[in-house]
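Read the structure below first, then the notes.
The values are calculated or read from the model by the stated rules, or taken from the named source; none is laboratory data. Only a predicted model underlies this, so the values are computations on that prediction, with no experimental measurement involved. All Cβ positions, even for glycine, are placed from backbone atoms using ideal geometry, and neighbour counts span all protein chains on display. These area figures cover heavy atoms from the full protein model, side chains too; ligands, DNA and RNA do not enter into them. Shrake-Rupley method; radii C 1.70, N 1.55, O 1.52, S 1.80 Å.
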Amino acid sequence: METAAASERVELAKHCSSRNWSKAIRVLDSLLAKQCSILDICNRAFCYNQLELHKHVIKDCDKALQLDSCAIQAYLLKGRALLALGRKQEALLVLEQGYNIALQQTSDVKQLLELDELLNAARPEIDVTLNHLAAETPVSSCATQKIDNCQVSTSMAVSESGACSNGNTHELGEKSMDASKLSGGASELRNGLAYKEKENVNSGSQINGKPSSNGSETSDRLGDLSVIGNKLSSKSGSVSKQSLTAEARSGGSNETKINNNKCTIARISETHSISVDFRLSRGIAQVNEGNYMKAISIFDKVLKEEPTYPEALIGRGTAYAFQRDLENAIDDFTKAIQSNPAAGEAWKRRGQARAALGEFAEAVEDLTRALELEPKSPDILHERGIINFRSKDFTAAVKDLSICLKQEKDNKSAYTYLGLAFASLGEYTKAEEAHLKSIQLDSNYLEAWLHLAQFYQELADHNKALECIDQVLQVDNSHGDFPVLTRVWKAYHLRGLVFHGLGEHRKAIQELSIGLTIESSIECLYLRGSCHHAVGEYREAVKDYDATVDVELDAVEKFVLQCLAFYQKELALYTASKVSSEFFCFDIDGDIDPMFKEYWCKRLHPKDVCEKVYRQPPLRESLKKGKLKKQDLAITKPKANLLRFTDMIGKKIQYFCPGFLPNRRQHRMAGLAVLEIAQKVSKAWRIEWRNSNKGTAKNGKKNRRRERINMLSQNRGGAGCSTSTSSETSTGYASLEDRSSGRSILSWQDVYSSAVRWRQISEPCDPVVWVNKLSEEFNSGFGSHTPMVLGQAKVIRYFPNYERTLNLAKTIIKEKLCVRSKADKVIDLSKDEKIEEIMRAETCEELHKIVGEDFWVATWCHSTAFEGKHLEGTRITCIKKPGSLGYDFAIRTPCTPARWSDFDEEMTSAWEALCNAYCGENYGSTNLQALETVRDAILRMTYYWYNFMPLARGTAVTGFVVLLGLLLAANMEFTECIPKGLQIDWEAILSVEPGSFVGSVKSWLYPSLKINTSWKDHQEVSSAFSTTGSVVAALSTYND
């Protein structure tokens, strides 16, 4: 062992004598891997100094000072490196500290004199340029090492080696990827907005979400290679000086720079190793300047002479990576690792490249190996933390970033990602603190402002979100950390998202249009198209949807936007053809092909739809068919009065919970729908009451036919439509003769279909459709899916219901003694005291471990129509994610034919019970006490609707809209708001008995009701806004 060490010492002496600093560093790496020596750490720092790798010098000096705070040589080298980086104040402090320690020791007079000279030079010239400082720097000195009675000095003058900057592994760490701070430092390139296609797709978007970099395109590309997944720029050579590290400025400028360093090219070429170092330095300079092909050519020449030279392999791999040739990059990094397994930079870079390919598990493995070679490295911890965040291992991300910040307390990027990870884990206070700390460190840090804006948006604090976006646009761009244009378009996109969420679609269009003048991003195109679609600007919508489909994608995950754009273009054409038709003819459920709707809901590739479903006619034909009259779009005074009243009603639907923005457009939709339902139901009840008084079924039948207020859609069999007969496809428009009871001219489906139609037209890009009108997939249980936990992430809207849902699941398991597997097999839990363990479980993770596999349990609803019958409610599911990524805990509602039939019967019974309660002696009553049975009947029907969950989306809002409409029809107006933190649909879902739901809701609902008959004085909604076009205009027009 000693012989091997001595041999390495001899090899080290040879490399230093020949000024082959990169190979000397490799030998020192090997020595330090076997035994940590302060002397060798300082020797390696000296070699880095000779290569002008100043950040590595500082890193090694810090390690040495951690082991021995009196290591004078470490103070000397660190002071020099700080001076070279232009960090003069820090250099002065370090040198003074070293000088004071040297005064006390006085063991090395030479070191004391060097410190004194450096201090004397630094104090009066604290603001001189870096080149001047370099010229003033005294001769460096390094420790010596005795080997077999032969003392080898490793002291070299800067003037002798300053031009011979080597592009070894460590140089690349400074000049290339670390130049943009892939792992967290210099340019701090990090992920911008984690937008959720989130479910809102948006969400969501974990929401989800792509920061760039400020200094340069090189930085941006580097960042993209890292863990961000940003768009790579194809341009080169446009790197600003600000983005390059000091190493790049000193080591890779040009021949003129080299000649100024007292070392000619001819002199360098005399030594082969120095020539290699020189070529490497030039190659690295080309990488940092964005000249990747030139860099590859230089590294090719080096590798032709030495095929396994690690530093050249890493350099070429980095150049490949910036060109998005990630496979070749990984090959080169792998060869570098095979040549030198201790090359930590190669492990790190391969991890970064793998992360860019989405191979997060492999990337984490590589970075973990790099961390073993460089324990507690803040750079690698930062990098691994971000990759853990991207791979949704938020717990690991928090751990890595927290450790990183203990060492680098001023790492603003680490704070930003720590905030993102905390937010995903539901630690919102900590998340906000981390984001604000990042901004405190740098108030011009654009990425931090954008992340904070998205954080507030997800919390539904839109005012703070918009304030943060304003800060982005006001920041002095010369101080930003990312390319100005990249950040600005993202700011406009985020502002567009906020306005869209607020229902201010026209304002959103304005913001997105500005963003698109800066960057033609698919996100802005798609969102602007959907806004144009919503406000009735179908020509512009189709244009944006087509542009979205034609965009050349830079990330696979964005393909879903192109799929959605295809479907929504077809729906825009359909709506355009209906603008002049009566609004009740707008019938997506009856007119659009079931396969089309199913693929739209599931966001599937539209290939099969294109082949099997008729397409909508071109826009010109649609607009010609649906030509609007000016009077349809005009908001007259009576209409304005109507809208003021309905806006007041519509605001009552708002959930005051995190994640629910106050959407003005949805409020207006709800108000109009409530009044229309009240008017239609009131009319039906009046006829019902008259018929009941007459007591003659014959007269009642004639009146019901005459007063029928719903019509079948008139677009059967048209382009893009189902070819089914009207009786097969119509949702809730069953003919009166088919009514078994003969009691009412309206069915429960008729009432709810009105609300569904309004919800569909208000936000046409949301797939709000009746599940039983999809394809045969309906038979296999397709339905809604509402997650509370996704892996480790807590879904901001629904996690507040987590504990109650978990307790309900345990209660059901205790009663049934079993659960069902994913394959629908019974899992017996009656043995081995498992039920006792289950009742003690406090998390879905503990519950899953006890069961032993993925499972689901079904809630149930006690039937009111059939005594003793239980209806299957919703399914509570618990599914383990791969590795340590947590569990999906959600409610899923399968809509099978048998279940649909059961709930249809229950809803029919509940509706008839309501009609009976009001159309008897209570008809027209203005006595709240007398109307209690009516209120209870309305709540019971609402309970079954929420548990039925018959829509692919939108069940919650349509249910409450109908509830308010039915109350108003009975002359009861809800005058307050839904209590803070309460989601009424969840109250129903988590209640087994309808009575318990009625009891919980009536406690806050009934005291807020007052008698109101003035609503009858308003114009009928179906008359004021009779056509589809007039409805769209009403939803899109505001006075302010």
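Listing for the model above:
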{"quantity": "Separation in nanometres of the label points that stand 7 Å from Cα toward Cβ, at Thr3 and Lys34", "calculated": "1.3"}
{"quantity": "Pairwise Cα inverse-distance average, inverted: Kirkwood Rh of segment 785-892 (Å)", "calculated": "14.3"}
{"quantity": "Quotient of C-alpha Rg and 2.2 N^0.38 Å, computed over segment 848-934", "calculated": "1.68"}
{"quantity": "Kirkwood Rh and Cα Rg combined as Rg over Rh, evaluated for segment 20-79", "calculated": "0.94"}
{"quantity": "Accessible area expressed per residue, segment 948-1010, with surrounding protein chains retained (probe 1.4 Å, Å²)", "calculated": "27"}
{"quantity": "Length-normalised contact order of segment 857-1011 in % [C-alpha pairs under 8 Å, at least 6 apart]", "calculated": "22"}
{"quantity": "Contour minus Cα-Cα distance for Glu372 and Ser297 (0.36 nm per residue)", "calculated": "23.7 nm"}
{"quantity": "Theoretical FRET efficiency, 1/(1+(r/R0)^6), r = Cβ-Cβ of Lys507 and Asp554, R0 30 Å, to 0.05", "calculated": "0.60"}
{"quantity": "Computed FRET value (nearest 0.05) for Asp116 with Leu67, which takes r as the C-beta separation and R₀ as 30 Å", "calculated": "0.75"}
{"quantity": "Evaluated at q = 0.21 Å⁻¹: base-10 log I(q)/I(0), Debye formula over Cα of segment 284-353", "calculated": "-0.77"}
{"quantity": "1.4 Å probe accessible area per residue over segment 1-122, in Å²", "calculated": "42"}
{"quantity": "Spin-label proximity, Thr926 to segment 950-990 - amide N less than 17 Å from point 7 Å beyond Cα toward beta carbon", "calculated": "968-974"}
{"quantity": "Gain on full stretching of the segment that runs from Asp410 to Ile1011 - 0.36 nm per residue minus C-alpha separation", "calculated": "210.2 nm"}
{"quantity": "Mean Cβ neighbour count within 10 Å, used as a protection proxy, ranking 580-593, 839-852 highest first", "calculated": "580-593, 839-852"}
{"quantity": "Accessible surface, segment 785-892, averaged per residue in Å² (probe 1.4 Å)", "calculated": "51"}
{"quantity": "Gln1019-Gln104 FRET efficiency (beta carbon distance; Förster radius 56 Å; 0.05 resolution)", "calculated": "0.05"}
{"quantity": "Kirkwood hydrodynamic radius of segment 391-449, from inverse mean 1/r over distinct Cα pairs, in Å", "calculated": "11.1"}
{"quantity": "log10 of Debye I(q)/I(0), alpha-carbon scatterers only, for segment 492-558 at 0.26, 0.27 Å⁻¹", "calculated": "-1.12, -1.18"}
{"quantity": "Over segment 1-122: Kirkwood hydrodynamic radius from C-alpha pairwise inverse distances, Å", "calculated": "14.8"}
{"quantity": "Relative compactness, segment 325-372, computed as alpha-carbon Rg over 2.2 N^0.38 Å", "calculated": "0.99"}
{"quantity": "Whole-angstrom Cα spans of segment 540-666 along principal axes, big to small", "calculated": "47, 43, 27"}
{"quantity": "Equivalent ellipsoid semi-axes - Cα gyration tensor, segment 348-424, angstrom", "calculated": "18, 15, 9"}
{"quantity": "Apportionment of accessible area to carbon and sulfur, segment 785-892, percent (1.4 Å)", "calculated": "49"}
{"quantity": "Mean Cβ neighbour count within 10 Å, used as a protection proxy, ranking 656-663, 407-414, 881-888, 346-353 highest first", "calculated": "346-353, 407-414, 656-663, 881-888"}
